[in-house]
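Okay, so here's the structure we're looking at.
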Ligand code: PMV
């Protein structure tokens, strides 16, 4: 699947195209986390994070990552949530490899300070907002002034779903067909739907049993159900786009929930199987379904972990919080930056 000709650094240097802006001493940027309503599951290229299908997400407002970048004298250094990490920490290693692909002749070196406003310890993916904020901060630090399409492609090279984390609101990632991925980027939808609520339900805080890259690879290579996934995505995307345009909450919730369950079905059928659900996940699903039977319009979606994300109408928040007291609400504010410097 991988082509040595189009490495990550080739693509990055092609996008930078010899740009030499004015290098600032520091720069800072914020990016929101995002939750897919129609999931990205399966890569057609592992090095460039090129997906098999399109996907569609909703941003989490003020839950995300702030990245502060400074030019460093010595080696690259990184801190996460105010704690300096050793250079051999997996988080540091992943970041340094990404930064290496940006610099020619090993320069400059950076100090990267990342602060997550999304609870990372609870297993909610922060890599999307982390890489998106890093790419925005790199662009500002170097004065490259790249367009949104190129910024989205660069964020994708860090983590696939990061290409959707550059905007608030609904975002559509086009899978594209170019082997180099120059047509695989995300774009925001014009629709705003502030009455649509999304909240995070923390059920289990442990580390993931298996990372999403390996789980995707295993699903694509061994799951008989994966053949049905692209058609499922195409139908769900169409339904979601229509639901968003018409503010049809039931269709949106039903489609997002069904899409998440279908994604999990593909991986449960992999060999060996991948199952992120815990007992608490199943209990929460049953509770959502029972609430719905009792007349509360409430739906869930789930990613590569045991926790649920709930979809509801903001007008129903009191009933939702009564059922799920610890819910972390993401307000869909359009404010791009909660902590401007
Ligand atoms: O971007 P990654 O490699 O962390 O993959 C994300 C995959 C899912 O979260 C399960 C689905 C999605 O579209 O975000």
Determine whether the range 191-206 contains at least one residue that is more than 18 Å from residue 309 (Cα to Cα), buried (at least 20 other Cβ atoms within 10 Å of the Cβ), at pLDDT 95 or above and in contact with a strand residue (DSSP E or B) (Cβ under 8 Å, 6 or more places away or on another chain). no
From the options 272, 297, residue that is touching a residue at least 12 places away in the same chain (Cβ under 8 Å) and either within 25 Å of residue 323 (Cβ to Cβ) or crowded, with 20+ Cβ neighbours inside 10 Å (or both): 297
Since residue 175 meets every condition but one in (1) modelled with pLDDT of 95 or more; (2) within 13 Å of the ligand (Cβ to nearest atom); (3) buried (at least 22 other Cβ atoms within 10 Å of the Cβ), which condition does it not meet? (3)
Within the range 109-125, is there a residue that is under 28 Å from residue 180 (Cβ atoms), within 13 Å of the ligand (Cβ to nearest atom) and in contact with a helix residue (DSSP H, G or I) (Cβ under 8 Å, 6 or more places away or on another chain)? yes
Assess whether residue 119 counts as being under 21 Å from residue 332 (Cα atoms) and surrounded by fewer than 17 Cβ atoms within 10 Å (Cβ to Cβ). yes
Residues that are part of a helix (DSSP H, G or I) and away from the ligand (no atom under 14 Å from the Cβ): does the range 210-221 have at least one? yes
Somewhere in the range 115-136, is a residue in contact with a strand residue (DSSP E or B) (Cβ under 6 Å, 6 or more places away or on another chain), in a helix (DSSP H, G or I) and without any contact (Cβ under 8 Å) to a residue 40 or more places away in the chain? no
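The values are calculated or read from the model by the stated rules, or taken from the named source; none is laboratory data. These numbers come from a predicted model, not from an experiment. In this analysis, Cβ positions are derived from the backbone assuming ideal geometry, glycine residues included, and neighbour counts consider all displayed protein chains.
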